[in-house]
Amino acid sequence: MCNNLIFPQRLQELRKQRRLSARALSELCGMGKSRILLYERGEQEPTISKLEAIADFFGVSTDYLLGRDCK
């Protein structure tokens, strides 16, 4: 199912698979220290450039992060 909850879930899953704290991931992607937590809670949506930075870091597509790979 594609919906606006996919991104926070996928982001958290990918981060936990790498055993990274939200703060560490934020710093690795060039963001403020609490930005990833805001995304994971669904309190904020990333800009295109931030979404691309996260996708590049994890080696996935932005479509995957956004749940656009659903049919």
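A short reminder: the numbers here are calculations on the coordinates, not readings from a lab. Worth saying up front: this structure is predicted, and the values here are computed from it rather than measured. Because the Cβ atoms are built from the backbone with ideal geometry, glycine has one as well, and the counts that use them run over all protein chains shown.
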Each residue of the stretch 20-34 in turn: what ³J(HN,Hα) in whole Hz from Karplus with 6.51, -1.76, 1.60 and θ = phi - 60°, glycine and Pro shown as x? 10, 6, 4, 5, 4, 5, 4, 5, 5, 9, x, 10, x, 4, 10
Between the residues Thr47, Ile36, Gln17, the Cα farthest towards the positive end of the dipole of the chain, that dipole coming from +1 and -1 charges on the beta-carbon of Lys, Arg, Asp and Glu, is from Gln17
Report the semi-axes of the equivalent ellipsoid for the chain in whole Å, largest first, where each axis is √(5λ) for an eigenvalue λ of the Cα gyration tensor. 18, 12, 12
Charged-residue dipole, Cβ positions (Lys, Arg, Asp, Glu), the chain about Cα centre, Debye nearest 20: 280
Would you calculate a helix-derived [θ] at 222 nm for the chain, using -39,500 (n - 2.57) for each DSSP H run of n ≥ 4 and dividing by the full residue count, to the nearest 500? -15500 deg cm²/dmol
HN-Hα J in Hz across the stretch 52-64 - Karplus 6.51, -1.76, 1.60, θ = phi - 60°, x for Gly and Pro: 5, 5, 5, 4, 4, 4, 8, x, 10, 8, 5, 4, 4
